[in-house]
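One structure is given here, and the rest of the page talks about it.
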Amino acid sequence: MKSLLVVSTLSSSLALFACSGVKHATRSEINPEAKDPSLVEVRTTGFDGPARTVSYSTWDVDPVDELPAEAPADVVESMREHAAQYGADMLLLERIEDAWRKVWLGLGKKKDQLASGEVPVCGQAGFDKAHEDVKARAVRCVQQVLSERPALRGQVSVAFEVDPEGRVLRAAPTPDSSRDSAFQECVVGAVHGTSFGPPKDFTCQGRVTVEITGDSGVR
């Protein structure tokens, strides 16, 4: 296993590693409390009580390839061993798949009554500029759709989550968004095509909104 990248922010440092295609991220301020990997429970649903994330692992496949219905055993073992290094009680597995990214996510979770399950709002250096770029590209795409269908109106808001590398882990229109598929794809595609920079924590969340106004404008 070798270090690929070290990312420093004001509040945390993330070390990213790759092993058999698995990438791991850890926060340097977390004090390791290593345990035997066999004591880390592998689950697809979380604990009933609060838990904090102590490790973050991803295994991506090319979007044109098929993502296995179950994470391969060696991938799970790599994630589990990494979670054990940081004293996790559980490895929480999640399968994420859309047209832009296919990935198995493994979160090392440690029981903690003071932990919050909320994903923090993005505020890392460079995020605002990246957000502006997403909005501009989404608007250009929607303007093209509008040129072919001038009667189209509505608004699309896309909520997204950023991983430790600054890549978008997942993105989806909010329930109150226009149902027009081309409109939605313009915004979701712009979000997925952007690097937002490493979050201050393991992950963060953001949102971008594009509206077609009554005067055939887009904002």
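The values are calculated or read from the model by the stated rules, or taken from the named source; none is laboratory data. Owing to the predicted nature of the structure, the values given are computational and were not obtained by experimental measurement. Ideal geometry is used to build each Cβ from the backbone, glycine not excepted, and the neighbour counts take in all protein chains shown.
Among strands (runs of 3 or more DSSP E) entirely within the stretch 108-219, having at least 3 residues that are modelled with pLDDT of 95 or more and among the aliphatic types (A, V, I, L, M) singles out 154-162, 168-173.
Within the stretch 130-144, the only residue that satisfies the criterion of being surrounded by fewer than 17 Cβ atoms within 10 Å (Cβ to Cβ) and either outside the structural domain of Gln184 (by TED's automatic domain parsing) or among the aliphatic types (A, V, I, L, M) (or both) is Ala136. Can you pull out the residues in the stretch 21-46 that are at pLDDT 85 or above, surrounded by fewer than 20 Cβ atoms within 10 Å (Cβ to Cβ) and part of a loop (DSSP other than H, G, I, E, B)? Gly21, Ala34, Lys35, Asp36, Thr44, Thr45, Gly46, listed by residue number. Of the candidates Gly87, Gly106, the single residue that is touching a strand residue (DSSP E or B) at 6+ places or on another chain (Cβ under 8 Å), farther than 18 Å from Gly21 by Cβ, in the same structural domain as Lys23 (by TED's automatic domain parsing) and buried (at least 18 other Cβ atoms within 10 Å of the Cβ) is Gly87. Evaluate the following for Gln155: is it among the polar types (S, T, N, Q) and either within 14 Å of Ala130 (Cα to Cα) or free of Cβ contacts under 8 Å to residues at least 40 places away in the same chain (or both)? No.
Hey, could you check the stretch 94-123 for residues that are over 16 Å from Arg43 (Cα atoms) and β-branched (Val, Ile, Thr) and say which is farthest from the chain's Cα centre (by Cα)? It comes out as Val121.
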